[in-house]
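Reviewing the structure listed below.
The values are calculated or read from the model by the stated rules, or taken from the named source; none is laboratory data. Since this is a predicted model, take the numbers as computed values, not measurements. FYI the Cβ positions are ideal-geometry reconstructions off the backbone, even for glycines, and counts take in every protein chain you see. The accessibility values were calculated without ligands, DNA or RNA, using every heavy atom of the protein model including side chains. Shrake-Rupley method; radii C 1.70, N 1.55, O 1.52, S 1.80 Å.
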Amino acid sequence: MIRTETVRKILSWYEGETPGLKSNLSRLLMHGRLAGTGRVVILPVDQGFEHGPARSFAPNPAAYDPHYLYELAIEAGVSGYAAPLGLLEHGADAFAGEVPLIMKMNSGNSLAANSSDQALTGTVDDAMRLGCVGVGFTIYPGSDHAYDMMEELREISHEAKSKGLLSVVWSYPRGGKISKEGETALDIVAYSAHMAALMGATIIKVKLPSNRIDLDAAKKTYEKNHIPSETIADRVRHVMQASFAGKRVVVFSGGEAKTREDLLEEVRGIREGGGNGSIIGRNSFQRSKEDAIALLREVMDIYA
Amino acid sequence: MIRTETVRKILSWYEGETPGLKSNLSRLLMHGRLAGTGRVVILPVDQGFEHGPARSFAPNPAAYDPHYLYELAIEAGVSGYAAPLGLLEHGADAFAGEVPLIMKMNSGNSLAANSSDQALTGTVDDAMRLGCVGVGFTIYPGSDHAYDMMEELREISHEAKSKGLLSVVWSYPRGGKISKEGETALDIVAYSAHMAALMGATIIKVKLPSNRIDLDAAKKTYEKNHIPSETIADRVRHVMQASFAGKRVVVFSGGEAKTREDLLEEVRGIREGGGNGSIIGRNSFQRSKEDAIALLREVMDIYA
Amino acid sequence: MIRTETVRKILSWYEGETPGLKSNLSRLLMHGRLAGTGRVVILPVDQGFEHGPARSFAPNPAAYDPHYLYELAIEAGVSGYAAPLGLLEHGADAFAGEVPLIMKMNSGNSLAANSSDQALTGTVDDAMRLGCVGVGFTIYPGSDHAYDMMEELREISHEAKSKGLLSVVWSYPRGGKISKEGETALDIVAYSAHMAALMGATIIKVKLPSNRIDLDAAKKTYEKNHIPSETIADRVRHVMQASFAGKRVVVFSGGEAKTREDLLEEVRGIREGGGNGSIIGRNSFQRSKEDAIALLREVMDIYA
Amino acid sequence: MIRTETVRKILSWYEGETPGLKSNLSRLLMHGRLAGTGRVVILPVDQGFEHGPARSFAPNPAAYDPHYLYELAIEAGVSGYAAPLGLLEHGADAFAGEVPLIMKMNSGNSLAANSSDQALTGTVDDAMRLGCVGVGFTIYPGSDHAYDMMEELREISHEAKSKGLLSVVWSYPRGGKISKEGETALDIVAYSAHMAALMGATIIKVKLPSNRIDLDAAKKTYEKNHIPSETIADRVRHVMQASFAGKRVVVFSGGEAKTREDLLEEVRGIREGGGNGSIIGRNSFQRSKEDAIALLREVMDIYA
Amino acid sequence: MIRTETVRKILSWYEGETPGLKSNLSRLLMHGRLAGTGRVVILPVDQGFEHGPARSFAPNPAAYDPHYLYELAIEAGVSGYAAPLGLLEHGADAFAGEVPLIMKMNSGNSLAANSSDQALTGTVDDAMRLGCVGVGFTIYPGSDHAYDMMEELREISHEAKSKGLLSVVWSYPRGGKISKEGETALDIVAYSAHMAALMGATIIKVKLPSNRIDLDAAKKTYEKNHIPSETIADRVRHVMQASFAGKRVVVFSGGEAKTREDLLEEVRGIREGGGNGSIIGRNSFQRSKEDAIALLREVMDIYA
């Protein structure tokens, strides 16, 4: 399949990067059901680390097996599969080259009293060894460890990009001046996306924002400038604007498992607002494979 | 002795690893009484560090001598012997090649007020110099130092695996949101095993879980999905499931010295639940050599 | 496009390699017109170095422009494009991800009195920067510099493979005990392919052998063992046998420009003898783009 | 199987080496039919490099397939299998841990006019990656490149031993003051074995010496001191003496394919003279697998 | 002087170490008045760092001059002289080769509020430059910095041993669960010696233990197993047992200056209990040279 104009245009936004990195970005954008559309749906599986195995996989025990997750990603035709070292290792050989891989480089867990940091769990060498197109990294803007995490991101991103790997940043605000509800507030999400862009993220992952402005200091600006925020599309449009006027690839996560219709409604809003796509974990691997593939196809059909 | 189909199958699960690492894993799985069965019994001796020499060796003073520990491992025909640098050094030459060695790379001690961390005490170079098949590392998921320990593991595991050495992870939850009884709760042990797998552990070591669910957030999941936990076998089966659907080698520790019958009962449960074996320290080296070998043989006869 | 059984089988032959390398090999084998067939056609353009620009490009001056060569490779749907540093640099960004790239790492030229060596002209870092799937290297078994070239190959191949890049070896015998006609003799070509395999080549490139046995020491063996050599297919079959019983990917070059029918005849022989494909340079870029694409399509249709 | 006194004694001769190296030497000495006897039979397959594939494998075409060679080594129960990088790579995973591997690090070929050197074709990293117990290296004492080759050996041996790998030295005199017949003369072979020992070889490989003294300067000494050289055993005894009074492991090669009875006669002489064993290539892999295994068993029965 | 059987036996306990390290250990064990006896008396001078110069040297102002300390060590015929970088530098040339040197690598001081850590003050390179046989390092098991100090020891010990230098560990418990009196309690001292051994110490230095058990968790063990602790010899015997069944060289410090008779009484106890010797600082250099030599001779006569 020949690269489309849409993909060509997206690649042109990454003008400072090497052809190697663009080649890997192209692999992601030209893969699966959404190949060539400029939209992506990514399957992320790091919930086992975050919430524990039973809470993640008991609803669909087939998903305990790492090969199942590769198969789900490949059969559904998603754009990429993101997971920590161990999950990628078990399948990287059997499914070599069948789906673009993103190695999640840090992970938090629910046992720790401290939820404002994560542990580094993989290396760029590992990502190279397993044939990944990129590395993924979470930062918690606002948290006590935000600056440390950003500095870790700086190191890893620099090393990864020097080898042609994408830097995918999960930018999840929490702590600091942010209220609990504020973690998905529009101003906070837009701010978090912008910081990821400023740190050189190739792909930015944020939560779908709510219609709330959290920081007092920001409220006046949002009001005065009449920034629309009523609909999902409005809010996605604003986040895209904050991501270099839409010139970075931004994907949105839906979070906890929800009904099919709620999810599709969100996807329509993301598409309408110009977002690049979704990252769908629990809503896919906690369903049976048949249901998951059906749902992912519906999602991708909306984006296509 | 020619590699069995069982061992061949286990090696196939480590598909992302080098032939060098698989060769070392094969050495462990093809050694001693349990060679070829896919089960392992490992003799660990780091209690001198953890509890002090008298509490560890006074019940059987012959065990103060490092050569005795090598002899015990060799004569009993266990699959491997795991100990810190100093213990391995004294015997590595005299018994070169007679039993697979695992160098324990970090250790805590009972003098420290802080029991949420351990000190690094060996290097991968040391492990190579002494002819080890792998390195061992303890993490305390949940503790204040959990993320630091995980990052140390990441460094050591990456270096070890790049040289063909196994990464054996002691995943011992404590602190954070975990209650004291929760350290052996089923949800916590399964979670700890899963995190070790995600970090690329070749072999996972956890405590035998009790019939308790500790995290509130997990209770609903365990109830709703009817995860069986009545018998030892039920619980071992769940831990294996959390370890990549049983595709990682997992061994269980019994902890403090106990009666022969209690120990054998546990072993029967581990076998029935599909666990790969036991790591038996104080229950072996605190008995006379004759009694220890007799007991280890009984254990291995159950697994065989 | 889902990986085929044929490709899966080929990847399984590279069992000692990382998933990263297999992933790059898969990219080559799953690209273009021949995707999934286990056959490849590669466009090589290093004749400018070897013979000078006019002898290479004057017959079709459009080919002086590096972008033209990318377009030819992409539009024709060949499996990969191999060229020295400079040619790849000019186009690597514009066509990022559109065709698997192989960086030719050494090149000889027609001005040098010494035709038994080549100069290193690229680095593995360059290949990474430009997003290549592999590196190419020429050895001249038999020549005065054969051992030096092999040792350069050893260094480059080791570095490339450690980063997941393929090692493609042009094994072109000359000098030493080899007569001029012997450079394409069956025994010499088979021997050269075998040496490339022994040095760890992922893909082997040799000249299509003639029906001649050149080394006196070998003649007896060929006669005694009745090794068939009458047809192109016979000879290709023998070369494949010498390449680990056909378990390495071997492509054949046709050499100088020739008639369409001669070329297709050769291709039919290669296919029948079990060869993996062709590397076609002057016969493509010295024709007009339209003619070249038509011819390459005919070739690929035979292989498909 | 518990290490024997014989093996323990052999290991004690390598007193300056690390436990890691001794552990690898122990793996070799405790493997296969001759485990524990202090004798070894090694299968070497680098003749494809030396003489070309057809001259090596056409007599038994099954041997073109690298897996066949692994199977032959494993099924016959030889002590180890030595081959260049490419041959070891194809099978290192499938047969991981089933037979001790030695990576041959340099190789010559029959196309080169210059037969006084070899090309480096593997690295110590490769040997580690594939799980080898040691590396093999050829020197040509007497040749124009002898000093260069010795210096390469010095580098590789130092790196290999620092990682616990054995250094196996093929010491094959040629050129310089040595006549063609002198290449197997007793004084020359003893001299070559001694130089390998002086360079730190763990295992020395020489040709079986003839009853000839080649160097004029040496003749007087051999006569004056009445060094016996009539029988094979006499000559082997002298070579062992030259190898640190028999305190290095020395194996003898028989060279070209010969009759079963000639080979067994040589083996009896080696055993009687105190040699450690044989390295048997063409006499095994050029026979059918059944015949080869039968012959190797006969040889090993003599040594056992 | 030919190495004695006693020294030969001690060296054999360090089986995992290089001949280079054993050679340095032999230099220490074969030097001075106690050469060949397996006992050592070491002169340590780091009290200037610990307590300040006046408290250390005012009682005998000659000792302000570093040359004086070298002369004392040489004239008294002690086994070795241990001091920080600066002290060793001033005299290392003048007295090169006259007494085995140990460079103390870290030191605390009395000005710091924090007495649970020490500063690194020398490098292994310095120790090499000055011709030392080993390096000395203090750990404070139990203290807040215990794990950090152990990790520093790991680095320095690994580097030192890789260059053939001894690792001499001052294992001085304090802080954590240890009471002030517990710093010399029998269980604590034995535990500290054991940890030093586990970390690969060549020579272990501890304080002479009192007849006290400090850790509640340990009391039961000491009572139940009837571990004798009445006499100095009993307690030394237990510490030796905790040091790999007496297979590590352990020296005892007497601490503050005391009467001649008290000191000799302690020495008799150490000898009787199987300890390897004493480390005597203030009790020597705070006396006049004549008195100090007389006292050291008396001590050594007891050990001889």
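Calculate the mean, over all residues of peptide C:89-99, of how many other protein chain Cβ atoms lie within 10 angstrom of the residue's Cβ. Spell out each step's value before the answer.
Working: counts 1, 0, 1, 5, 10, 5, 6, 16, 14, 8, 1.
Per residue, the average neighbour count from other chains is 6.
Just to be sure I understand: chains B and C are related by a rotation, so which residue of B has its Cβ closest to that axis, and how close in Å?
B:THR18, 4
Could you list the square roots of 5 times each eigenvalue of the Cα gyration tensor of chain D, that is, the equivalent ellipsoid semi-axes, sorted largest first and rounded to whole Å? Numbers along the way, then the final one.
Numbers: eigenvalues 139, 93, 88 Å².
Semi-axes, largest first: 26, 22, 21 Å.
With a 10 Å cut-off between alpha carbons and a GNM built on chain D, which of D:ALA146, D:ALA242, D:ALA94 moves the most?
D:ALA94
Over the protein assembly as shown, what is the percentage of antiparallel beta bridges among all DSSP beta bridges, to the nearest 5?
On the way: 10 of 165 bridges.
Around 5 percent of the beta bridges assigned by DSSP in the protein assembly as shown are antiparallel ones.
Report, for chain A, the % of DSSP beta bridges that are antiparallel, rounded to 5. Write down the numbers at each step before the final one.
Details: 2 of 33 bridges.
The antiparallel proportion sits near 5 percent.
Given a 1.4 Å probe, how much area per residue of chain A is accessible, in Å²? Could the numbers behind the result be given before it?
Working: 10410 Å² over 304 residues.
About 34 Å² of surface per residue is accessible.
In whole percent, what relative contact order does chain B give with Cα contacts below 8 Å and a gap of six or more residues?
RCO, chain B: 18 percent.
So what's the gap between the Cα centers of region E:268-300 and region D:86-118, to the nearest angstrom?
Here the answer is 62 Å between Cα centres.
Provide the per-residue ³J(HN,Hα) series for region B:266-282, in order, calculated from phi with Karplus coefficients 6.51, -1.76, 1.60 and θ = phi - 60°, each as a whole number of Hz, with x at glycine and proline positions.
Running phi through 6.51 cos²θ - 1.76 cosθ + 1.60 with θ = phi - 60° gives 4, 4, 4, x, 4, 4, 5, x, x, x, 8, x, 10, 10, 10, x, 4 Hz.
Which residues' amide hydrogens lie under 5 Å from the amide hydrogen of D:ALA119, considering only partners 5 or more residues apart or on another chain, with H built in the peptide plane?
Here the answer is D:SER107, D:GLY108, since their amide H atoms fall under 5 Å of that of D:ALA119.
Take chain C, connect every pair of alpha-carbon atoms lying under 10 Å apart with a spring to form a Gaussian network, then pick out the residue of C:ARG174, C:ARG55, C:ARG248 with the largest mean-square fluctuation.
Highest fluctuation of the listed residues: C:ARG55.
Debye sum, Cα scatterers, region C:98-241, no solvent: what log₁₀ I/I(0) at q = 0.13, 0.17, 0.20 1/Å?
-0.60, -0.94, -1.15
How about region D:146-252: which chymotrypsin sites (Phe, Trp or Tyr not before Pro) there lie in a loop by DSSP and see at most 16 other Cβ atoms within 10 Å? Don't skip to the end; give the middle numbers.
Values: sites: D:TYR147, D:TRP170, D:TYR191, D:TYR222, D:PHE244, D:PHE252; in loops: D:PHE244.
Answer in residue order: D:PHE244.
Using a 10 angstrom cutoff on alpha carbons, build the Gaussian network for chain B and name the most mobile of B:GLY269, B:GLY134, B:GLY86.
Per the Cα network of chain B with a 10 Å cutoff, B:GLY86 tops the list.
Return the carbon/sulfur percentage of the accessible area of the protein assembly as shown, one whole number, probe 1.4 Å, all protein chains in place. Intermediate values should be presented prior to the final figure.
Working: 24950 of 50950 Å².
The nonpolar share, carbon plus sulfur, comes to 49 percent.
Distances from E:TYR64 to the same residue in each other copy, label points 7 Å out along Cα→Cβ, in nm, shortest first?
Going from nearest to farthest copy, the values are 4.7, 7.6, 8.7, 9.0 nm.
Please compute the average number of Cβ atoms from other chains found within 10 Å of each residue's Cβ in peptide A:61-69.
Numbers: counts 4, 1, 1, 10, 5, 8, 5, 1, 0.
The per-residue average across the peptide is 4.
Step through the table entries B:LYS9/D:LYS104; B:LYS207/B:LYS247; D:LYS177/D:LYS247; A:LYS22/C:LYS163; D:LYS205/D:LYS289; B:LYS207/B:LYS258, compare each Cα-Cα distance with 20 Å, and write down the pairs that go over it.
On the way: B:LYS9/D:LYS104 29 Å; B:LYS207/B:LYS247 18 Å; D:LYS177/D:LYS247 29 Å; A:LYS22/C:LYS163 18 Å; D:LYS205/D:LYS289 25 Å; B:LYS207/B:LYS258 15 Å.
Where the Cα-Cα span goes over 20 Å, the pairs concerned are B:LYS9/D:LYS104; D:LYS177/D:LYS247; D:LYS205/D:LYS289.
Once the label point is placed 7 Å from Cα along Cβ, list for A:ARG297 the distances to the corresponding points in the other copies, in nm, shortest first.
Counterpart label points of A:ARG297 in the remaining copies fall at 3.2, 5.8, 6.2, 10.0 nm.
Under the Kirkwood approximation for Rh and a Cα-based Rg, what ratio Rg/Rh is obtained for region B:115-178?
Details: Rg = 12.4 Å, Rh = 12.2 Å.
Dividing the radius of gyration by the Kirkwood radius yields 1.02.
Per-residue Cβ counts within 10 Å, from other chains only, averaged over D:102-111: what number is that?
Values: counts 0, 0, 1, 1, 4, 5, 2, 13, 8, 19.
Averaged over the peptide's residues, the number is 5.
Which residues of region D:124-161 show a drop of at least 30 Å² in accessible area when all protein chains are present, compared with their chain alone (probe radius 1.4 Å, heavy atoms only, ligands and nucleic acids excluded)?
Residues shielded by partner chains are D:MET128, D:ARG129.
Using only protein heavy atoms and a 1.4 angstrom probe, determine the accessible area buried between D and B, summed over both sides, in Å² to the nearest 100. Numbers along the way, then the final one.
Numbers: alone 13110 and 13120 Å², together 24230 Å².
Chain pair D/B: roughly 2000 Å² of buried accessible area.
Can you work out ³J(HN,Hα) from phi for every residue in region B:32-48, in order, using Karplus 6.51 cos²θ - 1.76 cosθ + 1.60 and θ = phi - 60°, giving whole Hz and x for Gly and Pro?
With coefficients 6.51, -1.76 and 1.60, one gets x, 4, 9, 3, x, 8, x, 10, 9, 10, 10, 9, x, 10, 10, 5, x Hz.
Taking a ≥ b ≥ c as the square roots of the Cα gyration tensor eigenvalues, with a/c under 1.5 meaning rounded and otherwise prolate when a/b beats b/c, else oblate, which class fits the protein assembly as shown?
Judged from the Cα gyration tensor, the protein assembly as shown comes out oblate (a/c at least 1.5, b/c at or above a/b).
Using a simple spin-label model with points 7 Å from Cα along the Cα→Cβ vector, what separation in nm is obtained for A:SER179 and D:THR231?
10.1 nm
Using the alpha-carbon centroid of each, what span in Å lies between region D:123-200 and region D:4-71?
When both Cα centres are located, 16 Å separates them.
Amide H of E:LEU166: which non-local residues (sequence gap of 5 or more, or other chain) have their own amide H closer than 5 Å, using H built in the peptide plane?
Amide H neighbours of E:LEU166, under 5 Å, 5+ apart: E:GLY134, E:VAL135.
Can you work out the Karplus-derived ³J(HN,Hα) for every residue in region B:136-145? Use 6.51 cos²θ - 1.76 cosθ + 1.60 with θ = phi - 60°, whole Hz, and x for glycine or proline.
Calculated HN-Hα couplings, in order: x, 8, 9, 10, 10, x, x, 6, 4, 9 Hz.
Does region D:171-266 come out rounded, prolate or oblate by the C-alpha gyration tensor, with a ≥ b ≥ c the root eigenvalues, rounded set by a/c under 1.5 and, if not, prolate when a/b is larger than b/c and oblate if not? Let's see the in-between values first.
On the way: a/c = 1.32, a/b = 1.13, b/c = 1.17.
Since a/c stays below 1.5, the shape of region D:171-266 is classed as rounded.
With +1 on each Lys and Arg Cβ and -1 on each Asp and Glu Cβ, and nothing else charged, work out how big the dipole of region D:41-303 is about its Cα centre, in Debye to the nearest 20.
Working: 27 positive and 35 negative charges, 142 e Å.
The dipole magnitude comes to about 680 debye.
Testing the spin-label approximation: label points 7 Å from Cα along Cα→Cβ at C:ASP125 and E:THR259. State their distance in nm.
7.4 nm
Sum -39500 (n - 2.57) across every DSSP H segment of at least 4 residues in chain B, then divide by the residue count to get the 222 nm mean residue ellipticity, nearest 500.
Numbers: 14 runs with 136 residues, N = 304.
Result for chain B: -13000 deg cm²/dmol, rounded to the nearest 500.
Which residues' amide hydrogens lie under 5 Å from the amide hydrogen of C:GLY80, considering only partners 5 or more residues apart or on another chain, with H built in the peptide plane?
C:VAL41, C:LEU43
Can you list the distances in nanometres, one decimal and ascending, from the E:GLY20 label point to the identical position in each other copy, with the point 7 Å along Cα to Cβ?
Sorted ascending, the copy-to-copy spacings read 1.4, 2.2, 3.2, 3.6 nm.
In debye, nearest 20, what is the charge dipole magnitude of the protein assembly as shown about its Cα centre with +1 on Lys and Arg Cβ and -1 on Asp and Glu Cβ, if you could check? Write down the numbers at each step before the final one.
Numbers: 170 positive and 190 negative charges, 367 e Å.
So the magnitude is around 1760 debye.
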